[in-house]
Amino acid sequence: GLRVVFPDLTSDRRQALVKIAKQKLEDAKVTLRGDREKFLKDLDKQEKDGSLSKDENFRLKKDLQKMLDDANKSFEDLFTKKEKEISE
């Protein structure tokens, strides 16, 4: 067998890893917001074309926002878990 030993993390390295995790969280949020904007533009275009009613458009936008909020909460929970894991 092969034995690999990793040294304990220093406090500076822990802070750097938390900073990297925080940056990844922000990148994920930015990506979600960008995708949301694309989807909202597409919904508005479909409404103008007449293939989507105002009620459906409103409902879809509301559903989209709920999904986005759930995803952001999930990302925040993962970040909190990872931050705790790194700090220990």
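Some observations on this one:
- Tabulated pairs, segment 62-80, first among the acidic types (Asp, Glu), second exposed (fewer than 12 other Cβ atoms within 10 Å of the Cβ) and assigned to a helix (DSSP H, G or I), C-beta under 8 angstrom, 6+ apart or interchain: none
- For segment 63-83, a residue qualifies if it is aliphatic (A, V, I, L, M), exposed (fewer than 15 other Cβ atoms within 10 Å of the Cβ) and closer than 14 Å to GLU37 by Cα, and exactly one does: MET67.
- Residue count for segment 29-61 under the criterion of being open to solvent by less than 100 Å² (accessible area, probe 1.4 Å) and either among the basic types (Lys, Arg) or without any contact (Cβ under 8 Å) to a residue 24 or more places away in the chain (or both): the result is 20.
- All of (1) more than 26 Å from the chain's Cα centre (by Cα); (2) under 19 Å from LYS66 (Cα atoms); (3) not polar (S, T, N, Q) hold for LEU25 with one exception: (1).
- Selection within segment 2-41 - of a type in the set (S, T, N, Q) and in a loop (DSSP other than H, G, I, E, B): THR10
- Of note, SER51 satisfies the criterion of being outside any helix (DSSP H, G or I) and among the hydroxyl-bearing types (Ser, Thr, Tyr).
The values are calculated or read from the model by the stated rules, or taken from the named source; none is laboratory data. Owing to the predicted nature of the structure, the values given are computational and were not obtained by experimental measurement. Backbone-built Cβ (ideal geometry, glycine too); neighbour counts: all protein chains shown. Side chains included, ligands, DNA and RNA excluded: accessible areas come from the protein's heavy atoms. Shrake-Rupley method; radii C 1.70, N 1.55, O 1.52, S 1.80 Å.
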